[in-house]
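**Q** Supplied in structure tokens, the structure appears directly below.
The values are calculated or read from the model by the stated rules, or taken from the named source; none is laboratory data. Since we're looking at a predicted model, the values are computed, not measured. Ideal geometry is used to build each Cβ from the backbone, glycine not excepted, and the neighbour counts take in all protein chains shown.
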Amino acid sequence: MLIQESHKDVATQAGGDMRIFMFHPTIPNYPKAKFPGVVVFSEIYQVTGPVARFARQICAQGYIVAAPSSYHEFTGPEPLAYDGPGTDAGNEWKIAKKVSAYDEDATLSIDALLALPTCTGKIGATGMCLGGHLAYRCAFDARVSAAVCYFATDIHSSTLGEGKKDDSLARTKDIKGELVMIFGKMDNHVPPAGRDLIRKTLHEAGVTSSFYEVAWAQHAFIRDELSKGRYDPAIAGICFEMLKELFNRTLRSDLGPRSGENVEVEDVC
């Protein structure tokens, strides 16, 4: 699968134009081929090299990928550096930005995908760290059929955005698609009690979800650049297979409407 890369600048009500980096699969001799869409949300550093490579990996499986730059109210679309100043700026803007503005970014990114004549209309979402939380919130949109959230921060503590007070846990029942939540057991950004709270909330809200905790994985274990020794390519590869399974089943297949019936599990060996 070949990839065409471009970008689209979209005006926002929150302030500034949001740049959406687009990754479009192409198949020679099939100019009218259609593909599902996936929104990829970045960590606090915007669309860095690792995020772009992640987007290309997804695109290569046959998905149109839209990767928005989150901090358009404060800076340009360029990625922040993986250093002290870059980290400080990302963490500062993460809680200066309004939660409603994050949601607007998600809506506009979905709109951009659906506006393409080459999009089938099926939409998924994924992201890492801050982006994992944003993918979770993106799933509040009924147009999202599935989301994969990698080590999503601030959900358990409800501390995203201006005032460090989001409603993500409270709105979990709004998620109608299927979710995959992935954490490392050694992730000190989301402690065990926080992970337990997220799992419990998803279960009580009746969200169709899978919840994975990898024994030796730390925070940012899928980042292949400047991960401070936390990058684990083997585990990252296994988790990408989970993403492929979910998106292939929910975005490529026409499953029809969900019946809502309980699945009876037989007690057999």
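**Q** Filter the range 34-53 for residues that are of a type in the set (A, V, I, L, M, F, W, C) and touching a Gly at 6+ places or on another chain (Cβ under 9 Å); which is farthest from C129 (Cα to Cα)?
**A** Restricting to residues being of a type in the set (A, V, I, L, M, F, W, C) and touching a Gly at 6+ places or on another chain (Cβ under 9 Å), the top hit is F35.
Residues are listed down the side, and each one gets a yes or a no for (1) part of a helix (DSSP H, G or I); (2) modelled with pLDDT of 95 or more; (3) touching a Cys at 6+ places or on another chain (Cβ under 9 Å):
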{"site": "S210", "(1), (2), (3)": "no, yes, no"}
{"site": "K228", "(1), (2), (3)": "no, no, no"}
{"site": "Y231", "(1), (2), (3)": "no, no, no"}
{"site": "M242", "(1), (2), (3)": "yes, yes, no"}
{"site": "F247", "(1), (2), (3)": "yes, yes, no"}
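**Q** So, one more: I'd like the full set of residues that are surrounded by 21 or more Cβ atoms within 10 Å (Cβ to Cβ) and either free of Cβ contacts under 8 Å to residues at least 60 places away in the same chain or not in a strand (DSSP E or B) (or both), limited to the range 26-43.
**A** Within the range 26-43, S42, E43 qualify.
**Q** Does the range 48-60 hold any residues that are outside any helix (DSSP H, G or I) and either polar (S, T, N, Q) or under 18 Å from F151 (Cα atoms) (or both), and which are they? Lay out the reasoning, then the answer.
**A** We begin by selecting, within the range 48-60, every residue outside any helix (DSSP H, G or I); these are 48, 60.
Listed by number, the list holds a single entry, T48.
**Q** Looking only at the range 128-177, filter to residues that are under 12 Å from V99 (Cβ atoms), of a type in the set (D, E, K, R) and in contact with a helix residue (DSSP H, G or I) (Cβ under 7 Å, 6 or more places away or on another chain); which one of those is surrounded by the most Cβ atoms within 10 Å (Cβ to Cβ)?
**A** It comes out as R137.
Conditions (1) over 26 Å from K165 (Cα atoms); (2) among the hydroxyl-bearing types (S, T, Y); (3) assigned to a helix (DSSP H, G or I); (4) touching a Leu at 6+ places or on another chain (Cβ under 7 Å), marked per residue:
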{"residue": "H7", "(1), (2), (3), (4)": "yes, no, no, no"}
{"residue": "F23", "(1), (2), (3), (4)": "yes, no, no, no"}
{"residue": "Q46", "(1), (2), (3), (4)": "no, no, no, yes"}
{"residue": "G62", "(1), (2), (3), (4)": "yes, no, no, no"}
{"residue": "V65", "(1), (2), (3), (4)": "yes, no, no, no"}
{"residue": "L80", "(1), (2), (3), (4)": "no, no, no, no"}
{"residue": "G86", "(1), (2), (3), (4)": "no, no, yes, yes"}
{"residue": "E104", "(1), (2), (3), (4)": "no, no, yes, no"}
{"residue": "S109", "(1), (2), (3), (4)": "no, yes, yes, no"}
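One line per residue, one yes/no per condition, for (1) in contact with a His (Cβ under 7 Å, 6 or more places away or on another chain); (2) of a type outside the set (V, I, T); (3) touching a residue at least 12 places away in the same chain (Cβ under 8 Å):
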site: D88; (1), (2), (3): no, yes, no
site: N91; (1), (2), (3): no, yes, yes
site: K97; (1), (2), (3): no, yes, yes
site: S100; (1), (2), (3): no, yes, yes
site: D103; (1), (2), (3): no, yes, yes
site: A106; (1), (2), (3): no, yes, yes
site: L114; (1), (2), (3): no, yes, yes
site: T120; (1), (2), (3): no, no, yes
site: A125; (1), (2), (3): no, yes, yes
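**Q** Which residues, counting only those in the range 130-149, are part of a strand (DSSP E or B) and touching a Cys at 6+ places or on another chain (Cβ under 7 Å)?
**A** Within the range 130-149, V144, A147 qualify.
**Q** Working only within the range 153-185, note down all residues that are in contact with a Ser or Thr (Cβ under 6 Å, 6 or more places away or on another chain) and either assigned to a loop (DSSP other than H, G, I, E, B) or farther than 23 Å from W216 by Cα (or both).
**A** I155, D166, L169, T172, G177, E178
**Q** Could you list all residues from the range 53-77 that are surrounded by fewer than 21 Cβ atoms within 10 Å (Cβ to Cβ) and closer than 15 Å to A125 by Cα? Talk me through it step by step, then tell me what you get.
**A** Initially, the range 53-77 is screened for residues surrounded by fewer than 21 Cβ atoms within 10 Å (Cβ to Cβ), giving 53, 56-57, 60-62, 73-77.
Those that are surrounded by fewer than 21 Cβ atoms within 10 Å (Cβ to Cβ) and closer than 15 Å to A125 by Cα: R56, Q57, Q61, G62.
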